[in-house]
Ligand code: GLC
């Protein structure tokens, strides 16, 4: 008996050594890298938060923030009629802004479904609009050559069997209160609903390129992987759409295959995120202003320079940017979003070469003052984004022998390279390993000028 027990222990340890992580599927690291390749090359996508919360127009969390009851929230369901909805227009705008993919909310935390569902009446077919917004969206975005992704909320503030927790509109304080509130609620039923609906959206609309499950909040009165039955859910996702790219919010960070990329939200990472010393795929999601859903009176809109800064910085640390629009309840984009997208598009038209297919620059390249570097490992070109346009002599420390040619990206005009020495450089800290670029005195008429270096 003892011998078998020992054998069991040794066997378990051996397995743990061979398979250090729990796993959901057996994809190799190389295969994963390839599966994500189109997405890492794309670098820039559009997030779309659209639902019946666009009518109160004061944040997609309005039901929770104002503790609105189901009965009071019903009016938005009964009124929803986005008569000007034209997803082809949205897709064209995303494309013109330089975006390569888009992710739309199929269901947000309020539980309302923008798609036709067999599992609830609380879906768009039963609003005055009466058409499947998601179907039209997928068709329009695919037709414009964009990759398509679905956001699906794990939380559900409408489903009668979803138990009340600390972020629910009816959240309470004590265990006793929760016990009372949750009498008669059965999460098993909700878990099945979740699975059925995820299956529905992953089978009805053809290939779906990205899935954004949002989100987990384990701990007291919270919810995590077991509440969602996340392991089985993600296994199903992998079976239904083996090439899909999945975010990391189902609380399966320690499972191989449980996620593909990490999702810093509304903040700039200091450096390329790592786990156990390994750089991981990442995408920051950001709003134009302080809300994801349409928020009429929110005024803290980022300007063009800030938005471009977010994009360039993400790429310079090996990441993507998913930039959000919150369409109105008529189905149109906010004019402020239109303007921001158009301005970014103006810049991207001339500078996308420093974004697509680019990543963090090799460490050997010093980052000049007030600038951000990106690098294309295939073409071996280095891009210097000039955040604060310098005066004529621009020192590239330690670049000697590494650069064949320098030009502005927006007009392909040559930038002359000189040695760092000469009487005009007296007093500079330049060394003989440096190069000097002779920039025109007048800043080119683009928001952030980019120098393209063709390397030796
Ligand atoms: C958060 C919020 C949500 C938003 C999302 C986008 O999880 O709950 O409203 O959809 O972030 O990343």
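Where a number appears in this text, it was derived from the coordinates with a stated rule and is not lab data. It should be emphasised that the depicted structure is a prediction, and the values quoted were computed from it without experimental measurement. All Cβ positions, even for glycine, are placed from backbone atoms using ideal geometry, and neighbour counts span all protein chains on display.
In degrees from 0 to 90, rounded to the nearest 10, what is the angle of the helix 304-316 Cα long axis to the longest principal axis of the chain?
Relative to the chain, helix 304-316 is tipped by roughly 90 degrees.
May I ask you to derive the FRET efficiency for residue 181 and residue 367 from their Cβ-Cβ distance with R0 = 51 Å, giving the value to the nearest 0.05?
For R0 = 51 Å, the calculated efficiency reads 0.40.
May I ask for the angle, rounded to the nearest 10°, between helix 335-351 and the longest principal axis of the chain, with both axes built from Cα atoms and the value confined to 0 to 90°?
40
For residue 268 and residue 66 in one chain, what is 0.36 nm times their gap in residues minus the Cα-Cα distance, to one decimal in nm?
Extra length available between residue 268 and residue 66 comes to 69.8 nm.
Put a dot 7 Å past each Cα toward the Cβ at residue 142 and residue 203; how far apart are the dots in nm?
1.7
Which shape class, rounded, prolate or oblate, goes with the stretch 371-455 when its Cα gyration tensor gives a ≥ b ≥ c as root eigenvalues, a/c under 1.5 marks rounded, and past that a/b bigger than b/c marks prolate?
Since a/c reaches 1.5 but b/c is at least a/b, the shape of the stretch 371-455 is classed as oblate.
What FRET efficiency would be calculated for the residue pair residue 280, residue 310, taking the C-beta separation as r and a Förster radius of 22 Å, to the nearest 0.05?
Working from the Cβ atoms, E equals 0.70.
Can you give the helix-only mean residue ellipticity at 222 nm for the chain, where every DSSP H stretch with n ≥ 4 adds -39500 (n - 2.57) and the sum goes over all residues, rounded to the nearest 500 deg cm²/dmol?
Here the helix-only value at 222 nm equals -8500 deg cm²/dmol.
Between residue 118 and residue 441, what is the spin-label point distance in nm, taking each point 7 Å from the Cα along the Cα→C-beta axis?
7.3
What percent of all Cα-Cα pairs in the chain falls in each 20 Å bin, counting up from 0?
Binned Cα distances yield the sequence 22, 49, 24, 5, 0.
With a 10 Å Cβ neighbour count serving as the proxy for reagent exposure, in which order, fewest first, do 442, 244 appear?
442, 244
Starting from 0.36 nm per residue, how many nanometres of slack lie between residue 455 and residue 339 once their C-alpha separation is accounted for?
Length gained between residue 455 and residue 339: 38.2 nm.
Tilt of helix 230-240 relative to the longest C-alpha principal axis of the chain, in degrees (0 to 90, nearest 10)?
Between helix and principal axis, roughly 70 degrees.
Please give, to one decimal in nm, the separation of the simple spin-label points placed at residue 236 and residue 126, each 7 Å out from Cα toward the Cβ.
So the label points at residue 236 and residue 126 sit 2.1 nm apart.
Given R₀ = 60 Å, what would the calculated FRET efficiency be for residue 429 paired with residue 26, taking r from the Cβ atoms and rounding to 0.05?
Efficiency at R0 = 60 Å is approximately 0.65.
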